[in-house]
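J.: Before I ask anything, here is the structure I am working with.
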Ligand SMILES: [Zn+2]
Ligand SMILES: [Zn+2]
């Protein structure tokens, strides 16, 4: 399988995942042209995409979805609530490209299975995904305020995991955001802090080491890549987990493709 984060962060998210036979995007939260550019950079053609799977309706996850679907005739997969919530913002989609999936469902496309699981976030029905061929699996989980048992159970066996490391709690608390927005981000249905991300990874490594974990969806205002990386690393070190030995920790870039991984 192949995984590549095309863009990651509060300014837009899209990830490319492929098996031998199937190629998909998880989210397309930037203008279609930007997604085109990123795919070109990793030598992939948008015309070959078998689908775009949507995590939730926030614009940093759906901005380019409608354009890409219309331009390249790509099916869009989302649960019914998410379809209802994003329909007006993504524009008209051809009937045959509207794929409504159930919550917590498994969608099988040739040799790829895509399992949806619930995440706690302030959207109508937000999900993470675990994508597998018959041997390996890759999980993506961003935009959640609490690392729940459901998330843990769904991602713990994956070889590659992109996990949210959204903000530094102090940068957020003392930063420029209005009080209500700070409260929303810090809430159980907001976003995961660097510290909480580190603690989540500790739980995951306890279950199985040798994982590749990619930190993503960093806030532009309340985080910095070095700070996120170092904070998570400190939490891992405090728990006796060694980078490169027990885990391979990397960062997903905000503005260009990164973490191209073949497993
Ligand atoms: Zn987001
Ligand atoms: Zn969101």
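Please treat every number below as a calculation from the coordinates, not as lab data. Computed from a prediction, not measured in an experiment: that's the story for all the values here. Glycine also receives a Cβ, built like all others from the backbone with ideal geometry; neighbour counts cover every protein chain displayed.
J.: Testing residue 206 on (1) without any contact (Cβ under 8 Å) to a residue 12 or more places away in the chain; (2) within 16 Å of ligand 2 (Cβ to nearest atom), one condition comes back false. Which one is that?
T.: (2)
J.: Could you look through the range 26-44, keep only residues that are in contact (Cβ under 8 Å) with a residue 40 or more places away in the chain and away from ligand 2 (no atom under 16 Å from the Cβ), and pick out the one that is nearest to residue 133 (Cα to Cα)?
T.: If we filter the range 26-44 for residues that are in contact (Cβ under 8 Å) with a residue 40 or more places away in the chain, which is where we start, we get 26, 28, 38, 41-42.
From what is left, the residues that are away from ligand 2 (no atom under 16 Å from the Cβ) are 38, 41-42.
On the way: 38: 24, 41: 25, 42: 21 Å.
It comes out as 42.
J.: Moving on to the next point. Within the range 172-263, which strands (runs of 3 or more DSSP E) (wholly inside it) include 3 or more residues that are touching a strand residue (DSSP E or B) at 6+ places or on another chain (Cβ under 7 Å) and surrounded by fewer than 21 Cβ atoms within 10 Å (Cβ to Cβ)?
T.: Ranges flagged: 247-251, 258-262.
J.: Oh, and also: Taking the condition more than 16 Å from ligand 1 (Cβ to nearest atom) and either crowded, with 16+ Cβ neighbours inside 10 Å or farther than 17 Å from residue 217 by Cβ (or both), does residue 3 pass?
T.: So residue 3 passes the test.
J.: Please enumerate the residues belonging to the range 13-29 that are surrounded by 23 or more Cβ atoms within 10 Å (Cβ to Cβ) and either within 16 Å of ligand 1 (Cβ to nearest atom) or more than 21 Å from residue 164 (Cα to Cα) (or both).
T.: Scanning the range 13-29 gives 13, 14, 15, 25, 26, 27, 28, 29.
J.: Suppose we filter the range 89-127 for residues that are more than 18 Å from the chain's Cα centre (by Cα) and part of a loop (DSSP other than H, G, I, E, B); how many remain?
T.: 7
J.: Restricting to the range 45-66, give me the number of residues that are more than 16 Å from ligand 2 (Cβ to nearest atom) and within 20 Å of the chain's Cα centre (by Cα).
T.: Looking only at the range 45-66, we keep the residues that are more than 16 Å from ligand 2 (Cβ to nearest atom), and these are 45-52, 66.
Now restrict to residues that are within 20 Å of the chain's Cα centre (by Cα): 46, 49-52, 66.
Summing the residues that are more than 16 Å from ligand 2 (Cβ to nearest atom) and within 20 Å of the chain's Cα centre (by Cα) in the range 45-66 gives 6.
J.: Working carefully through the options 115, 94, 103, find the one that is surrounded by fewer than 16 Cβ atoms within 10 Å (Cβ to Cβ) and in contact with a strand residue (DSSP E or B) (Cβ under 6 Å, 6 or more places away or on another chain). Talk me through it step by step, then tell me what you get.
T.: Details: 115 fails: surrounded by fewer than 16 Cβ atoms within 10 Å (Cβ to Cβ); 94 fails: in contact with a strand residue (DSSP E or B) (Cβ under 6 Å, 6 or more places away or on another chain).
Residue meeting the stated conditions: 103.
J.: List, please: which pairs have Cβ atoms under 6 Å, are six or more places apart or on different chains, and start with a residue in the range 51-69 that is touching a residue at least 24 places away in the same chain (Cβ under 8 Å) and more than 17 Å from residue 107 (Cβ to Cβ) and end with one that is in a helix (DSSP H, G or I) and within 14 Å of ligand 2 (Cβ to nearest atom)?
T.: 57/82; 57/85; 57/86; 62/86
J.: Here is a further query. Tally the residues that are over 27 Å from residue 260 (Cβ atoms) and within 16 Å of ligand 1 (Cβ to nearest atom), restricting the search to the range 41-97.
T.: Initially, the range 41-97 is screened for residues over 27 Å from residue 260 (Cβ atoms), giving 57, 70, 79-97.
Still in the list and also within 16 Å of ligand 1 (Cβ to nearest atom): 57, 82, 85-86, 89-90.
Going through the range 41-97 one residue at a time, the tally reaches 6.
J.: Give the residues of the range 10-25 that are more than 16 Å from ligand 2 (Cβ to nearest atom) and within 17 Å of residue 259 (Cα to Cα), sorted by residue number.
T.: Step one: of the range 10-25, the residues more than 16 Å from ligand 2 (Cβ to nearest atom) are 16-25.
Of everything in the range 10-25, those that are more than 16 Å from ligand 2 (Cβ to nearest atom) and within 17 Å of residue 259 (Cα to Cα) turn out to be 16, 17, 18, 19, 23, 24, 25.
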